[in-house]
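See below for the structure under consideration.
None of the figures in this text is laboratory data; all of them are computed from the coordinates on show. Keep in mind that what you see is a predicted model, and the values were worked out from it rather than measured. Glycine also receives a Cβ, built like all others from the backbone with ideal geometry; neighbour counts cover every protein chain displayed.
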Amino acid sequence: MDTSFESAGITSDLSKYLCVISCLDEKYIREVQNVLSNPPAFCKYENLKNVLIELSCKKTRELLSREEMGDRAPSKFLCHLRELAGTQLPEDFIKRVWMERLPSNVRAIIAELENVELDQLAKTADAIVAQGTQHQKAMEETLPTAQMMLEISRVLDNLTTRIEAVEISSRSAVIRGRPVDHSFSPRSRPRSRPRHDLCWYHYNFGPNAHDCRYPCNYLKGKDDGSL
């Protein structure tokens, strides 16, 4: 602005002041209405210029503060902030906004780097982000896919159902008296019902009995062929 006034040969403070007012749109006029209503006695132009610069910086700060890095590389995001800021905002403010938008793990590392130029910090942040992206990609490749996990879950469910069915069948068989063990030993073979017409000796030892007690029909049964 000052260069334009010099080129046009305008040197009067009042002339500069009036020229600036004539160039302002209604939005800015409303925002600086207090200054226009009560201008200082001297340096009207310089005072209005400073107010407009401060107002513009405020709007630019708000604009930068709303910017998000998204999927841009840190260095690309820094260039974007610088383009928005132009020459109005100091580098320190741009750096603060830039660092606030970095991922927390990247910001923690960058914060430890002192006496490093902002452009170099941006390159370092790019490298950290790239390394993290490669690590994440490797992890995703080694982890089972969602389809694989669903298939594994289905197989496990089927296996669990089959095991439960076998357990239920086994319990039912026990309740009905099965399984029955058909194996037996000679010692466990049940004896025939004892004959009450034989004495104890002939019942247990048969012809090898060396004694007999009355009543006993062993000899009678032997004679008629029933023994």
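Quick rundown of the values:
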| read-out | value |
| --- | --- |
| Separation of the residue 10 and residue 30 label points, Cα + 7 Å toward Cβ, nm | 2.5 |
| Calculated FRET value between residue 112 and residue 59, using beta carbons and R₀ = 35 Å, to 0.05 | 0.60 |
